[in-house]
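The next block holds one structure in the form of structure tokens; read it before the comments.
The values are calculated or read from the model by the stated rules, or taken from the named source; none is laboratory data. Everything numeric here is computed off the predicted structure, so don't read it as measured data. Here the Cβ is made from the backbone with ideal geometry for all residues, glycine too, and neighbour counts use every protein chain on show. Heads up: the accessible areas ignore ligands, DNA and RNA and are worked out on the full protein's heavy atoms, side chains in. Shrake-Rupley method; radii C 1.70, N 1.55, O 1.52, S 1.80 Å.
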Amino acid sequence: METLSFQFPAGQPAKGRALVGCVGSGDLEVLLEPGQAGTLAIEVVTSVNGSAPRWQLLFERMFREQQLPALNIAIHDFGATPGVVRLRLEQGLEELNHG
């Protein structure tokens, strides 16, 4: 198991929380909570050692397209593909917007 941390610029804190996915299914779980203004903080606990560059590129692609609210995002990964990671993050952000 490996724990990775990432930070990106963000706007004002999100107003709600969201939980999507389920790590027990061999997928991943994403928890989004309000964060500190100006900061999007991500912590990834993954079963795939040495995957930090892949995560960094995925987040950079996602977050350069949009400015997100300030969030603390916790990701518990059990070897999910980048496409599944992106889907879960988008699901969580959609829940925040409709919550």
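At-a-glance table
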quantity	calculated
Of residues in the range 73-89 being under 11 Å from Ala18 (Cα atoms) and either at pLDDT below 95 or touching an Asp or Glu at 6+ places or on another chain (Cβ under 6 Å) (or both), the one most open to solvent (accessible area, probe 1.4 Å)	Arg88
Subset of the range 1-51 [among the polar types (S, T, N, Q), open to solvent by less than 60 Å² (accessible area, probe 1.4 Å) and at pLDDT 95 or above]	Thr39
Flag for Leu58 being within 13 Å of the chain's Cα centre (by Cα), more than 15 Å from Leu4 (Cα to Cα) and buried (at least 17 other Cβ atoms within 10 Å of the Cβ)	no
